[in-house]
């Protein structure tokens, strides 16, 4: 009798886990779609809040925190307020990145997102922040590439920084453009292998194509 009860308990637990996984998958796919279709910063903030709620319900998953951070970084570029409002959004993004990194250390995607936050901080006030934040962003993107040399987002943003440095110092764009072209090749491969139900990051191709316009 005890064996039968144990078997029933195991079956019920398996069913419960299966339903929980399906609910998580559905919630994430829905919110990723919402985030991708978001317009103003307020919509991105709502999306970040939604990912935050998913993260609370799934404390062992790093992706909800990752996407919450991504939504907040993108919101910082679209917000109509001044530098203080941008920085507040980026501080919230950092908290999510820290939580994601605690769950999944040495993750190329998380490190690249951390670099993206630094890039956004720099963009908010390039005159006063460029000198100390540019090397930091380069360092983070470089680390993300080292962790995964096939991560198109890391390579693309490193290329974007290289192009910015080349423009500032009046040097050639060859290195930056080479990285952008390499990222676009990886984006193509990523798209061809991407499953509609895959929650892993696959954004950035449009950004790479826009940056490539700086390459002649």
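The values are calculated or read from the model by the stated rules, or taken from the named source; none is laboratory data. As the structure is a computational prediction, the values presented were derived from the model and not from experiment. Counting neighbours? That spans all protein chains shown, and the Cβs are built from the backbone with ideal geometry, glycine included.
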Please state which of the following conditions residue 196 fails to meet, knowing it meets all the rest: (1) under 21 Å from residue 36 (Cβ atoms); (2) part of a helix (DSSP H, G or I); (3) touching a helix residue (DSSP H, G or I) at 6+ places or on another chain (Cβ under 9 Å).
(2)
Among residues belonging to the range 54-66 that are free of Cβ contacts under 8 Å to residues at least 40 places away in the same chain and within 15 Å of the chain's Cα centre (by Cα), point out the one that is nearest to residue 118 (Cα to Cα).
65
Any idea which of (1) farther than 17 Å from residue 200 by Cα; (2) modelled with pLDDT under 95; (3) part of a helix (DSSP H, G or I) is the one residue 23 doesn't satisfy?
(1)
Return yes or no: is residue 36 surrounded by fewer than 19 Cβ atoms within 10 Å (Cβ to Cβ), closer than 17 Å to residue 153 by Cα and either more than 12 Å from the chain's Cα centre (by Cα) or modelled with pLDDT of 95 or more (or both)?
yes
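Counting just the residues of the range 68-94 that are free of Cβ contacts under 8 Å to residues at least 24 places away in the same chain and in a helix (DSSP H, G or I), which one comes out surrounded by the fewest Cβ atoms within 10 Å (Cβ to Cβ)? Steps first, answer last, please.
To start, the set of residues in the range 68-94 that are free of Cβ contacts under 8 Å to residues at least 24 places away in the same chain comprises 81-82, 84-85, 88, 91.
Going one step further and asking which of them are in a helix (DSSP H, G or I), we end up with 84-85, 88, 91.
Numbers: 84: 9, 85: 15, 88: 14, 91: 13.
Step by step, filter the range 68-94, then rank; the result is 84.
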Test: residue in the range 121-129 that is touching a helix residue (DSSP H, G or I) at 6+ places or on another chain (Cβ under 9 Å), surrounded by fewer than 18 Cβ atoms within 10 Å (Cβ to Cβ) and closer than 26 Å to residue 34 by Cβ:
yes
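Please work out if residue 181 is more than 19 Å from the chain's Cα centre (by Cα) and in contact (Cβ under 8 Å) with a residue 24 or more places away in the chain. Break it down into steps so the answer makes sense when it comes.
Details: more than 19 Å from the chain's Cα centre (by Cα): yes; in contact (Cβ under 8 Å) with a residue 24 or more places away in the chain: yes.
Judged against the criteria, residue 181 is a match.
Please determine whether any residue of the range 103-112 is without any contact (Cβ under 8 Å) to a residue 40 or more places away in the chain and in a helix (DSSP H, G or I).
Within the range 103-112, the first condition is being without any contact (Cβ under 8 Å) to a residue 40 or more places away in the chain, and the residues that meet it are 105.
Applying the additional criterion that residues be in a helix (DSSP H, G or I) yields none.
Checked against the condition, which is being without any contact (Cβ under 8 Å) to a residue 40 or more places away in the chain and in a helix (DSSP H, G or I), the range 103-112 yields no hits at all.
Quick one: is residue 34 in the same structural domain as residue 197 (by TED's automatic domain parsing) and touching a helix residue (DSSP H, G or I) at 6+ places or on another chain (Cβ under 6 Å)? Talk me through it step by step, then tell me what you get.
Working: in the same structural domain as residue 197 (by TED's automatic domain parsing): no; touching a helix residue (DSSP H, G or I) at 6+ places or on another chain (Cβ under 6 Å): yes.
When the stated conditions are applied, residue 34 does not pass them.
Kindly indicate whether residue 197 is outside the structural domain of residue 82 (by TED's automatic domain parsing) and at pLDDT 95 or above. Don't jump to the end; show me each part of the working.
Working: outside the structural domain of residue 82 (by TED's automatic domain parsing): yes; at pLDDT 95 or above: no.
In short, no.
Looking at the range 48-60, which of its residues are assigned to a loop (DSSP other than H, G, I, E, B) and either at pLDDT below 95 or more than 15 Å from residue 98 (Cβ to Cβ) (or both)? Write out each step before concluding.
Step one: of the range 48-60, the residues assigned to a loop (DSSP other than H, G, I, E, B) are 58-60.
Scanning the range 48-60 gives 58, 60.
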For residue 202, the lone unmet condition from (1) in contact (Cβ under 8 Å) with a residue 12 or more places away in the chain; (2) over 18 Å from the mean Cα position of the chain (by Cα); (3) outside any helix (DSSP H, G or I) is (2)
